Amino acid sequence: MTELHIRTATAQDGALILGLLRELAAYEKLLDIFVTDEAAIARDFFGAQPLAQCDLAFEGDIAVGIVTYFGTYGSFTTKRGLFVEDLFVRPPFRGRGHGKALLRHLAAKGADRLEWRVLDWNESALAFYRGLGAEPVAGWQDWRLEGDAVKALAA
C-alpha cells in the first residue's frame, strides 16, 4: 500500500475537486441538487475572498479523498472551530484510515473543535464517527432558509 499524503488544494486542482465532490454527491444520492462547477470552486476556494478551504489526500499520484471546511467561532465559549462541510474517501480506498487521517490533519490545525453533519441513513459514516469518539449534538437541529425565502427576508 502506498503511503497517504495530504496537501492543501490549489487553484489548479479545480477539475479534481469538482470530480471528487461529484462522486460524493452521487454517494449521498444528491446529484439532483449538484450544481457546483469549476468557476464556483475557483471563486469560493481560491478567489479574493474565499469562503472555504480544501485539502486533498493522495496515495502516490492517485487522489483518494477530499475534505472541505471553514472556520467557526463559539462566542459563548470562545472556541475556534472548523466546520467540515465535506469529508469523502473514494470507496476503493476506504478502510485504510484515510478518513481518520483527513480529520487528524484538520485537528492539527489548532482548532478547539471540529463539527460536521452526517446523513441519518449513512450507517457506515455514523459508525466511523462514533469510533472516533464523536457524538451527535443533543438538543440542536439544523435549520435553513434558501431561495425565495432568503430573497423575501432580504426584501
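Right, ILE6: under 21 Å from GLY99 (Cβ atoms), at pLDDT 95 or above, surrounded by 13 or more Cβ atoms within 10 Å (Cβ to Cβ) and under 13 Å from the mean Cα position of the chain (by Cα) or not?
So ILE6 fails the test.
Scan the stretch 42-92 for residues that are out of contact with any strand residue (DSSP E or B) (no Cβ under 8 Å at 6 or more places or on another chain) and either in a strand (DSSP E or B) or closer than 15 Å to ARG22 by Cβ (or both) and report the count.
2
Let's see how each residue does on (1) at pLDDT 95 or above; (2) more than 19 Å from VAL118 (Cβ to Cβ); (3) surrounded by 13 or more Cβ atoms within 10 Å (Cβ to Cβ):
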{"residue": "GLU23", "(1), (2), (3)": "yes, no, yes"}
{"residue": "ALA26", "(1), (2), (3)": "yes, no, no"}
{"residue": "LEU30", "(1), (2), (3)": "yes, no, no"}
{"residue": "VAL35", "(1), (2), (3)": "yes, yes, no"}
{"residue": "ALA42", "(1), (2), (3)": "yes, yes, yes"}
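Of a type in the set (Val, Ile, Thr) and over 19 Å from ALA15 (Cα atoms): does that describe THR68?
The answer is no for THR68.
Out of LEU102, LEU106, LEU16, report the one residue that is part of a helix (DSSP H, G or I), touching a residue at least 60 places away in the same chain (Cβ under 8 Å) and either within 25 Å of ASP120 (Cβ to Cβ) or in contact with a strand residue (DSSP E or B) (Cβ under 7 Å, 6 or more places away or on another chain) (or both).
Only one candidate qualifies: LEU102.
Identify, by number, the condition in (1) assigned to a loop (DSSP other than H, G, I, E, B); (2) loosely packed, with under 13 Cβ neighbours inside 10 Å that ALA111 doesn't meet.
(2)
Could you tell me whether ARG144 is more than 24 Å from HIS5 (Cα to Cα), of a type in the set (D, E, K, R) and outside any loop (DSSP other than H, G, I, E, B)?
No, not satisfied.
Going by the structure shown, is ARG96 without any contact (Cβ under 8 Å) to a residue 12 or more places away in the chain, within 23 Å of GLU28 (Cβ to Cβ), surrounded by 10 or more Cβ atoms within 10 Å (Cβ to Cβ) and charged (D, E, K, R)?
For ARG96, the condition - without any contact (Cβ under 8 Å) to a residue 12 or more places away in the chain, within 23 Å of GLU28 (Cβ to Cβ), surrounded by 10 or more Cβ atoms within 10 Å (Cβ to Cβ) and charged (D, E, K, R) - is not met.
The values are calculated or read from the model by the stated rules, or taken from the named source; none is laboratory data. All of these numbers come straight from a predicted model, not from anything done at the bench. Please note: Cβ atoms are built from the backbone with ideal geometry, for glycine as well, and neighbour counts cover all protein chains shown.
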